[in-house]
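Please read the structure below before turning to the comments.
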Amino acid sequence: MKFPYSEKVLEHFRNPHNVGNIENPDGKGLEGSPACGDMVAVYIKVNPETKVIEDIKFESYGCASNIATASVITDLAREKTLDEAKKITWKLASEELGGLPPIKAHCSVLAVEGLRAAIRDYEEKHGLVIEKETTTEEVVRSRLKHVMNPLTGLDIIRTNLILKTSIEDGVVRVVVDLPADHQFASAIKEDISEKLRSLWDVKRINVVFIA
Amino acid sequence: MDERVLEAMTPYFFDRYAVATSEFGYSMGTESKEGLERARESIISKLEASSGEVIFTSGDTESSNTALKGVSWALKDKKGKHIIVSKIEDFSVLNTAKALQKQGFDVTFLDVDAEGFADIDGLRKAITKETVLVSIQHGNQEIGTVQDLKAISEICEEKDVLLHTDATHSFTRLPLSVKELPIDLITMSAHTIHGPKGIGALFIRKDTQINKFMDGGFQEFNLRAGVENIPGAIGFGKAVELVTEEEIRHLKAMRDRVIDKSLSEIPDVTLNGNREKRLPHNANLTFHYVEGESITLLMDMKGFAVSTGSACFSRSLESSHVIRGIGGDHERAHGSVRFTFGRYNHMVDADAAIEAMSEIVARLREISPLGRK
């Protein structure tokens, strides 16, 4: 049998590590992809003194790459401090897995996003997010890098799906290069709002579709 | 492919290798021609058509291209530039319609209901004086829904509009008679009935106005240029003859076993398409809270080849247009799995497939953050 995945991907897919959830986790992250509908949840237990991730589990409603990446990044994050774990990238996960088909890049990004969201959740709950940064166009764009372009599997910034972003008096305006009735329009809109909503000084998000 | 099909084809690769010639040609060529005509006769008699009403093509994609483009081009100046296709057609019809749209044709993409049945009232309303062709498939390639061709063909006849139907997945497995139904064009293919790949056919009712799709020689009643694929045609003809009522009953029994067992033994499963009016060999179910590519990969590892409408499975990352067409959301497509059966499957295979599915779905649900009770 020939599969489009490396042996390592298949091994992690068949026997994923760290599967399940943690009761009363210290941090929890749930990320979903509008690209393919995959979803991943990451749960962490953190040592309050050392800030080391002592336990980590994941759940996935996703494809083989998604499951395999979540398996490998939870391995990588275990016993790491939060700051170390933040540095785990999808590129590292992909290398660890012996590569992933390019169209599956978003699946591994999603798992890494889940881990980062769990860490952010912990930090927010424990008052570790100290300074409140004013949201600029740059901040908006960097957040939008986490929204996938379903047509390519890469993010909407890199693939120039976003024509314009602006922020004024807490109102963010995002112009998307897609017709409003496109099959992915509502999913992308939802994902854009989701990524910007948590910014403390953002009051409203206007997503505009043109084509 | 059925071995008996290969046996029938083999001489036409060797002793009877000649291209088909007219009856005035050399004898090797007339032998080839006779073989070709016998194969055509198999298809003609299955459809209850008349001689000269079936041409061979390279497959269903070419047949549907010929039907849609040929009729549209022939009638655009005489009648109008409007065609109607259902939303859940195969890409060979859907993308041909889109290509015609770019050439200035007006295309109506007809809605289907939650089980995939074309909107009959909508069809009646959509037909205008400008409409040159309606194309609605017989049995759906993914969810297996079988359209009410009687009602559809009657409307088209009443409104004096040509009707094409893509019968790629139903031909020989469901009754389809052009004597009974006023259908003008029918797409067929050998690869779905244990015949060879690369050969298809198109029924064209006598006196239908249609242009040639490819320019060249005068083969196939001057409707399909190019040297005929004689071994392919022979194989197609043989494949048609080999389909039996008993086999279809057997396919249905396996299909029903998979549907009934999935629904009764595995929790949170939805059938896609209609329970009764579906292709005899097709079962399509959504296993909620899990993803289709993961399922197909694990099934493959256990030796079962199944397919899914999940976006993760496609090259384009688009979920199935059929599941979306029946109003299904992303989630419905995400965990959808299609099982199809053939001549060489046995009831024990259907049972084993469900056993494997049951285990795989349970395992993936343990990993899933959704549907926790």
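Residue-level check: of (1) away from chain A (no Cβ under 11 Å); (2) part of a loop (DSSP other than H, G, I, E, B), B:Val337 misses just (2).
Pairs, please: C-beta under 9 Å, at least 6 apart or cross-chain, first residue more than 13 Å from B:Glu276 (Cα to Cα) and in segment B:134-145, second in a strand (DSSP E or B) and charged (D, E, K, R)? Between residues of segment B:134-145 that are more than 13 Å from B:Glu276 (Cα to Cα) and residues that are in a strand (DSSP E or B) and charged (D, E, K, R), the close pairs are B:Ser135/B:Asp166; B:Ile136/B:Asp166; B:Gln137/B:Asp166; B:His138/B:Asp166; B:Asn140/B:Arg278; B:Gln141/B:Asp166; B:Gln141/B:Arg338; B:Glu142/B:Arg338.
In segment B:318-329, the residue that is nearest to B:Phe117 (Cα to Cα) out of those that are without any contact (Cβ under 8 Å) to a residue 40 or more places away in the chain and surrounded by 18 or more Cβ atoms within 10 Å (Cβ to Cβ) is B:Arg324.
Residues that are within 14 Å of the chain's Cα centre (by Cα), within 14 Å of another protein chain (Cβ to nearest Cβ) and hydroxyl-bearing (Ser, Thr, Tyr) occur in segment A:106-125; there is at least one. Say whether the condition of being within 14 Å of another protein chain (Cβ to nearest Cβ), touching a residue at least 24 places away in the same chain (Cβ under 8 Å) and more than 19 Å from the chain's Cα centre (by Cα) is met by at least one residue in segment A:136-159. Among the residues of segment A:136-159, not one is within 14 Å of another protein chain (Cβ to nearest Cβ), touching a residue at least 24 places away in the same chain (Cβ under 8 Å) and more than 19 Å from the chain's Cα centre (by Cα), which makes the answer no. The set of residues from segment B:106-133 being of a type in the set (Lys, Arg) and touching a residue at least 24 places away in the same chain (Cβ under 8 Å) comprises B:Arg124, B:Lys129. Mind checking whether some residue in segment B:108-116 is surrounded by fewer than 18 Cβ atoms within 10 Å (Cβ to Cβ) and in contact with an Asp or Glu (Cβ under 8 Å, 6 or more places away or on another chain)? Looking through segment B:108-116, at least one residue is surrounded by fewer than 18 Cβ atoms within 10 Å (Cβ to Cβ) and in contact with an Asp or Glu (Cβ under 8 Å, 6 or more places away or on another chain). Just to be sure I understand, how many residues within segment B:353-366 are without any contact (Cβ under 8 Å) to a residue 24 or more places away in the chain and either crowded, with 21+ Cβ neighbours inside 10 Å or away from every other protein chain (no Cβ under 14 Å) (or both)? Number of matching residues: 1. Here A:Ala68, A:Ala41, A:Ala93 are screened, and the one residue that is out of contact with any Pro (no Cβ under 9 Å at 6 or more places or on another chain) and surrounded by 14 or more Cβ atoms within 10 Å (Cβ to Cβ) is A:Ala93. For first residues located in segment B:37-49 and within 15 Å of B:Phe221 (Cα to Cα) and without any contact (Cβ under 8 Å) to a residue 60 or more places away in the chain, partners that are part of a loop (DSSP other than H, G, I, E, B) and hydrophobic (A, V, I, L, M, F, W, C) and lie 6+ apart or on another chain with Cβ distances below 9 Å form the pairs B:Glu37/B:Ala20. The set of residues in segment A:116-132 that are more than 15 Å from A:Lys195 (Cα to Cα) and surrounded by 12 or more Cβ atoms within 10 Å (Cβ to Cβ) comprises A:Ile119, A:Tyr122, A:Glu123, A:Glu124, A:Lys125, A:His126, A:Leu128, A:Val129. Applying the criterion of being polar (S, T, N, Q) and at the interface with another protein chain (Cβ under 10 Å from one of its Cβ atoms) to the residues of segment B:255-297, the residue that is farthest from A:Ile67 (Cα to Cα) is B:Thr296.
Looking across segment A:70-103, the residues that are more than 14 Å from the chain's Cα centre (by Cα), charged (D, E, K, R) and either within 28 Å of A:Gly127 (Cβ to Cβ) or within 14 Å of another protein chain (Cβ to nearest Cβ) (or both) come down to A:Arg78, A:Glu79, A:Lys80, A:Asp83, A:Glu84.
B:Asp300 meets the stated requirement of being surrounded by fewer than 20 Cβ atoms within 10 Å (Cβ to Cβ), within 14 Å of chain A (Cβ to nearest Cβ), assigned to a helix (DSSP H, G or I) and without any contact (Cβ under 8 Å) to a residue 12 or more places away in the chain. Selection within segment A:162-211: residues that are surrounded by fewer than 19 Cβ atoms within 10 Å (Cβ to Cβ) and within 14 Å of chain B (Cβ to nearest Cβ). The member of this set that is nearest to A:Arg116 (Cα to Cα) is A:Glu190.
If you take the residues of segment A:39-69 that are hydroxyl-bearing (Ser, Thr, Tyr) and away from every other protein chain (no Cβ under 12 Å), which of them is nearest to A:Gly27 (Cα to Cα)? Top of the filtered list is A:Thr50. If you go through segment B:1-58 and keep only what is among the hydrophobic types (A, V, I, L, M, F, W, C), in a helix (DSSP H, G or I) and surrounded by fewer than 17 Cβ atoms within 10 Å (Cβ to Cβ), you end up with B:Leu6, B:Phe13, B:Met28. So which of A:Arg173, A:Arg158, A:Arg141 is farther than 26 Å from A:Ile53 by Cα and either modelled with pLDDT under 85 or in the same structural domain as A:Pro48 (by TED's automatic domain parsing) (or both)? Answer to the check: A:Arg158.
No other residue among B:Phe218, B:Phe213 is free of Cβ contacts under 8 Å to residues at least 24 places away in the same chain and not assigned by TED's automatic domain parsing to the domain that holds B:His288 apart from B:Phe218.
Give the residue that is farthest from the other protein chains (Cβ to nearest Cβ), with candidates limited to residues of segment A:16-38 that are surrounded by fewer than 24 Cβ atoms within 10 Å (Cβ to Cβ) and among the charged types (D, E, K, R). Among those residues, the one meeting the criterion is A:Asp26.
The values are calculated or read from the model by the stated rules, or taken from the named source; none is laboratory data. Since the structure is predicted, the reported quantities are computational estimates derived from the model, not experimental observations. Cβ sites come from the backbone with ideal geometry, for glycine too, and all protein chains shown count toward neighbours.
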